[in-house]
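Presented below is the structure to which this report refers.
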Amino acid sequence: ITQGVENKNNFSGLSGLGEINEFYLLFPFWDTVLHTLNGFLAAAIGFSLVDLLNRSERTVFNLSPVFTAIVAFCFSMTIGVVWEFFEFGMDQFLGYDMQKDTVLSAITSVMLNPDGRNIPVTIDQIREVMINGQPLGVGGYLDIGLIDTMEDLFVNFIGAAVFSVIGFFYVRSRGKGVAGRFIPRRKRAERDFLKIAREQSLEESENKEKIQSQKRE
């Protein structure tokens, strides 16, 4: 599971680079790639949590491959929605623009109906918009974040669905085959280098204390 958490932290770092270093403007596909990876990695974390519970001897928890994949998918989509809430909050309360705008040439709304009825009216071929007598100069109507949010959730859906399918075959084949390479797993004792380093440091400290106590005697 540690591997999955590290990958999730990497996503947050890449998202921060997109805002701070303006990668969202330099690379138009940056946002799409990140949210696709987010869907994939979040599903990996959700799947690995369920898989660990399935394998644990301390808990009575056993899900079929289908339900395990569904849980991973739902976990990933929940993370994606919460992230969009975060972006919305940053835009509304701190004046950011994390939910990127989209230039449209047509809009449809019931608020444009002159009779006030619930019948949508479309305005197309929009080439310029005036605000307080000043043109925006963007070449169309400026959508404030809605399309960006829906695109983010859609690519998150794709990433989550892809990993959930991989996870399904992983559980069904009991960890064999290509699918096993994509599943985060608990680190083996001989591979947990941080734990090894802590144990070595503790052992060195104990040895120093023993040497000092022997010198005092």
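The values are calculated or read from the model by the stated rules, or taken from the named source; none is laboratory data. Note that the coordinates shown come from a computational prediction; the quantities given were computed from them, not determined experimentally. Every residue, glycine among them, receives a Cβ derived from its backbone with ideal geometry; neighbour counts consider all protein chains shown.
Taking residues in the stretch 128-157 that are free of Cβ contacts under 8 Å to residues at least 40 places away in the same chain, and partners anywhere that are in a loop (DSSP other than H, G, I, E, B) and of a type in the set (Ser, Thr, Tyr), the pairs with Cβ atoms closer than 8 Å and at least 6 places apart or on different chains are Gly140/Ser105; Tyr141/Ser105. The residues of the stretch 58-82 that are of a type in the set (A, V, I, L, M, F, W, C) and loosely packed, with under 15 Cβ neighbours inside 10 Å, listed by number, are Val60, Phe61, Val66, Phe67, Cys74, Val81, Val82. Checked against (1) closer than 30 Å to Thr32 by Cβ; (2) modelled with pLDDT of 70 or more, Gly177 meets all criteria but (2).
The residue of the stretch 83-132 that is surrounded by the fewest Cβ atoms within 10 Å (Cβ to Cβ), among those that are at positive phi and over 30 Å from the mean Cα position of the chain (by Cα), is Asn132. Restricting attention to the stretch 63-112, which residues are of a type in the set (Val, Ile, Thr) and in contact with a helix residue (DSSP H, G or I) (Cβ under 9 Å, 6 or more places away or on another chain)? Result: Val66, Thr68, Ile70, Val71, Thr78, Ile79, Val81, Thr102. Screening Val50 with (1) at pLDDT below 85; (2) hydrophobic (A, V, I, L, M, F, W, C); (3) farther than 17 Å from Ile166 by Cβ gives one miss only, at (3). Applying the criterion of at least 1 residues that are farther than 30 Å from Ser164 by Cβ and of a type in the set (Ser, Thr, Tyr) to the strands (runs of 3 or more DSSP E) found wholly in the stretch 64-148 leaves 107-109, 121-123, 141-143.
Please tell me if Asp152 is more than 27 Å from Thr32 (Cα to Cα), modelled with pLDDT of 90 or more and among the acidic types (Asp, Glu). Lay out the reasoning, then the answer.
Numbers: more than 27 Å from Thr32 (Cα to Cα): no; modelled with pLDDT of 90 or more: yes; among the acidic types (Asp, Glu): yes.
No, not satisfied.
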